[in-house]
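Scroll down for the structure; my scribbles are underneath it.
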Amino acid sequence: MTTAVAPTAAAPPAPTPGPAPKKRKGIRSPYPSWFYIPAAVLFIVFFAVPTFASFYFSLTRWTLFDVQFIGFDNFVQFFQEPQLVQGFVNTFIYGFVTSAAKVVLGLALALLLTGPTLGRGYLRAVVFFPVLVSTIGVGLTFKALLDPFHGVVNGVLGFFNLPEPGWYTDPNLALLTVAGVDIWKGVGIATLIFMAGIVAIPAEYFEAARMDGAGAWSVFRNITLPLVRPATATVIILSLIGGLREFAMIWAMTKGGPGFSSDVIASVIYKQYQAGFFGLSTAGNVILFIVVTAIMVPVSWFLNRREAEL
């Protein structure tokens, strides 16, 4: 007796290997390569070459007609200058004070000028107007207004029998006086950046917060402040770089005086250049470049990392 054998199911055919997935190519620029040549030439001529040349000339004793290589003697002499330590300290004080004040005042003014404020357009123009004025002009104007003996400010204080400080003749006040004028002149840029950041926040966030009964402080702390962090990072970086490199305002108002009390690295460099020590002043420029880079690279990295975490 024969038994029927059930037919076995045929095995599915082995999948044939398809074409390998193509790797995604990077975004191609819509411009041809030669389009970048003019910008590259300008960068090399006006930035790269002077930068490397300054590093070389900082190691020399040079004039317009002679160059003598002396190694690191300029740097050693620069750090032996008595006003350099004071200039370093003043540079950091000036940079951090002006930067912090511009962040706080700029954010406060931006909140005011993006809200339902009477005469908002006029106030915006008033806040931004000092940015358009020459730094030297602002410095000379405030130097006259704050004159300890004939200035309008002390005249008004004297009329009310209030103390009349030596705004830029007192060694304890000179640097902070110049910093205050710098803040007045530069806070408009910070305000403008913060206003752009606040206006970019979707209105739905504020409407939802108001529907939930959130107060003004809660809205600011939980919505406005976190979402303007990119604007805050921009203001900190720009104002800190400007403060660490400031020269024009200080020179217009105090020329680093009285004594060395308001000297910063930039004014020390200029004084060395005036005295004819060109190699020494070039070494000072290299030191200033290194100081600003050493501060701004980690600050920028930290702020950008915090921004990426949002």
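The values are calculated or read from the model by the stated rules, or taken from the named source; none is laboratory data. Quick caveat: nothing in here was measured; it's all calculated off a predicted structure. Cβ sites come from the backbone with ideal geometry, for glycine too, and all protein chains shown count toward neighbours. Just so you know, the surface numbers come from the protein's heavy atoms only, side chains and all, with ligands and any DNA or RNA stripped out. Shrake-Rupley method; radii C 1.70, N 1.55, O 1.52, S 1.80 Å.
Residues of segment 36-71 being open to solvent by less than 90 Å² (accessible area, probe 1.4 Å), closer than 16 Å to ASN285 by Cβ and part of a helix (DSSP H, G or I), which ones?
Hits for segment 36-71 are ALA48, VAL49, PRO50, THR51, ALA53, SER54, PHE55, PHE57.
Residue-wise test of (1) touching a residue at least 40 places away in the same chain (Cβ under 8 Å); (2) closer than 21 Å to PHE75 by Cβ.
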| site | (1), (2) |
| --- | --- |
| GLY242 | yes, no |
| ALA248 | yes, no |
| LEU288 | yes, yes |
| ILE295 | yes, yes |
| PRO298 | no, no |
| ARG305 | no, no |
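Tell me, please, whether a residue that is among the basic types (Lys, Arg) and buried (at least 17 other Cβ atoms within 10 Å of the Cβ) can be found in segment 248-268.
Within segment 248-268, none of the residues are among the basic types (Lys, Arg) and buried (at least 17 other Cβ atoms within 10 Å of the Cβ).
Determine whether ALA174 is more than 28 Å from PRO226 (Cα to Cα), of a type in the set (Gly, Ala, Ser) and either open to solvent by 70 Å² or more (accessible area, probe 1.4 Å) or in contact (Cβ under 8 Å) with a residue 12 or more places away in the chain (or both).
Here the answer is yes, as ALA174 does meet what is asked.
Considering GLY158, GLY213, which residue is in contact with an Asp or Glu (Cβ under 6 Å, 6 or more places away or on another chain) and without any contact (Cβ under 8 Å) to a residue 40 or more places away in the chain?
From the options GLY158, GLY213, the qualifying one is GLY158.
Here's the yes/no breakdown for (1) more than 29 Å from LEU225 (Cα to Cα); (2) of a type in the set (Gly, Ala, Ser):
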| residue | (1), (2) |
| --- | --- |
| GLN80 | yes, no |
| GLY87 | yes, yes |
| ASN90 | yes, no |
| PHE96 | no, no |
| SER99 | no, yes |
| LYS102 | no, no |
| LEU109 | no, no |
| PRO116 | no, no |
| ALA125 | no, yes |
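Can you name the residue in segment 146-163 that is in a helix (DSSP H, G or I) and open to solvent by 60 Å² or more (accessible area, probe 1.4 Å) and, of all such residues, is modelled with the lowest pLDDT?
PHE159
Could you tell me which numbered condition GLY279 fails, if it satisfies all but one of (1) surrounded by fewer than 18 Cβ atoms within 10 Å (Cβ to Cβ); (2) modelled with pLDDT under 90; (3) not charged (D, E, K, R)?
Evaluating GLY279 over (1) surrounded by fewer than 18 Cβ atoms within 10 Å (Cβ to Cβ); (2) modelled with pLDDT under 90; (3) not charged (D, E, K, R) leaves (1) as the failure.
For segment 205-220, give me the residue count where each residue is under 32 Å from the mean Cα position of the chain (by Cα) and either in a loop (DSSP other than H, G, I, E, B) or within 17 Å of THR114 (Cβ to Cβ) (or both).
6
Just one of (1) more than 17 Å from the chain's Cα centre (by Cα); (2) within 22 Å of ALA100 (Cα to Cα) trips up PHE289, so point out which.
(1)
Residues in segment 232-247: is at least one open to solvent by 60 Å² or more (accessible area, probe 1.4 Å), out of contact with any Gly (no Cβ under 9 Å at 6 or more places or on another chain) and either closer than 16 Å to PHE88 by Cβ or polar (S, T, N, Q) (or both)?
Scanning segment 232-247 turns up no residue that is open to solvent by 60 Å² or more (accessible area, probe 1.4 Å), out of contact with any Gly (no Cβ under 9 Å at 6 or more places or on another chain) and either closer than 16 Å to PHE88 by Cβ or polar (S, T, N, Q) (or both).
Could you list, in sequence order, the residues of segment 125-155 that are in contact (Cβ under 8 Å) with a residue 24 or more places away in the chain and of a type outside the set (Phe, Trp, Tyr)?
VAL127, PRO130, VAL131, VAL133, THR135, ILE136, VAL138, GLY139, LEU140, LYS143, LEU146
Looking only at segment 116-133, decide whether some residue is open to solvent by less than 70 Å² (accessible area, probe 1.4 Å), farther than 20 Å from GLY243 by Cβ and not in a helix (DSSP H, G or I).
yes
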